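The values are calculated or read from the model by the stated rules, or taken from the named source; none is laboratory data. These figures come from a predicted structure and were not determined experimentally. Every residue, glycine among them, receives a Cβ derived from its backbone with ideal geometry; neighbour counts consider all protein chains shown. When the accessible area is computed, the model is the full protein with side chains, heavy atoms only, and any ligands, DNA or RNA have been set aside. Shrake-Rupley method; radii C 1.70, N 1.55, O 1.52, S 1.80 Å.
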Amino acid sequence: MENGFYSIRTAGINYRNIEIFYHYRTVEDILKPGSGLCLDLGARNSPHKQLIENLEYERIGIDIDYHGSLDAVADGCSLPFKDNTFSLVVLAQVLEHVFDPEAAVNEVYRVLKPGGTIVGGVSFLEPYHFSYFNLSHRAVQDILMSAGFKQICIEAGVTGIVLILARILGIFGSKNHRMFSAVSRFFFPVKYVLKCGYFLLGFKNRIQGRDLASFEKNAKDHYESIALSIAGHILFHAQK
């Protein structure tokens, strides 16, 4: 463990320890208090407005089309702000809706102050919702690194199973994410199957006198890899 991050496999990036699997975790859960200007990008009807203000940022909300809730109308791939303007930029499920995600992230890097933070989420296994791209954790990693971001942190958000069930059950008018989560755990108990398998393998290694520390690390890496591979949303944050 280095600098509060766990390094897994050889992907060239540090991942946070991922312990969530079926919780409806969102961008709001990883936003932290701060100060200065915050750019809420793709902010039409943004659910983050009050939270950002409660965290003591001065918020500016923009989107590509006019809406009464916005402070400005602008294209995320060509932001109308000077370099080094914002302390925080929030992109909650935005990158899958833009024509050029890499250009948008490059623009975010430009308008962030040195030491500023990008916080966001992007769809991976979420069903189509007027989107252009669904990005894997590897794609998010490469885009952030290419833009110049450091201290990149990526984790699995809500699983794809939950979002698929939400789309199906949403036909009947329900928007209860706790229910979707409970249903997915009942029919697809991936977390518990994996934990049971790890326990049995660990017991076998103990009997055979093998290195348990090495086994536990491999099991954790595998668990995190599975979480990312079936994530409905990929969450990320990084610093300039």
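Tabulated data for the structure shown
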read-out	value
Residue in the stretch 94-117 that is modelled with the highest pLDDT, counting only those that are open to solvent by 50 Å² or more (accessible area, probe 1.4 Å) and in a loop (DSSP other than H, G, I, E, B)	Asp100
Glu224 being among the charged types (D, E, K, R) and open to solvent by less than 50 Å² (accessible area, probe 1.4 Å)	yes
Single residue of Tyr57, Tyr22 found to be farther than 23 Å from Val111 by Cα, aromatic (Phe, Trp, Tyr) and either surrounded by 13 or more Cβ atoms within 10 Å (Cβ to Cβ) or modelled with pLDDT under 80 (or both)	Tyr22
Evaluation of Arg44 against (1) open to solvent by less than 30 Å² (accessible area, probe 1.4 Å); (2) modelled with pLDDT under 90 (one fails), failing number	(1)
Condition broken by Leu51, with the remaining ones in (1) within 30 Å of Ser184 (Cα to Cα); (2) in contact (Cβ under 8 Å) with a residue 24 or more places away in the chain; (3) not in a strand (DSSP E or B) satisfied	(2)
Residues within the stretch 193-210 that are more than 24 Å from Ile154 (Cβ to Cβ) and in contact with a helix residue (DSSP H, G or I) (Cβ under 8 Å, 6 or more places away or on another chain), tallied	4
Members of the stretch 54-87 that are in contact with a helix residue (DSSP H, G or I) (Cβ under 8 Å, 6 or more places away or on another chain) and outside any loop (DSSP other than H, G, I, E, B)	Arg59, Gly61, Phe86
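Matching residues to (1) on the phi > 0 side of the Ramachandran plot; (2) hydroxyl-bearing (Ser, Thr, Tyr); (3) open to solvent by less than 40 Å² (accessible area, probe 1.4 Å); (4) over 22 Å from the mean Cα position of the chain (by Cα):
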site	(1), (2), (3), (4)
Tyr132	no, yes, no, no
Gly148	yes, no, yes, no
Glu155	no, no, yes, no
Ser181	no, yes, yes, no
Phe203	no, no, no, yes
Ala213	no, no, no, yes
Ser229	no, yes, no, no
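Residue by residue, here is whether (1) without any contact (Cβ under 8 Å) to a residue 60 or more places away in the chain; (2) in contact with a Lys or Arg (Cβ under 6 Å, 6 or more places away or on another chain); (3) among the charged types (D, E, K, R); (4) over 30 Å from Phe187 (Cβ atoms) holds:
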{"site": "Ile60", "(1), (2), (3), (4)": "yes, no, no, yes"}
{"site": "Val90", "(1), (2), (3), (4)": "no, no, no, yes"}
{"site": "Ala103", "(1), (2), (3), (4)": "yes, no, no, yes"}
{"site": "Pro127", "(1), (2), (3), (4)": "yes, yes, no, no"}
{"site": "Ile143", "(1), (2), (3), (4)": "yes, no, no, yes"}
{"site": "Phe149", "(1), (2), (3), (4)": "no, no, no, yes"}
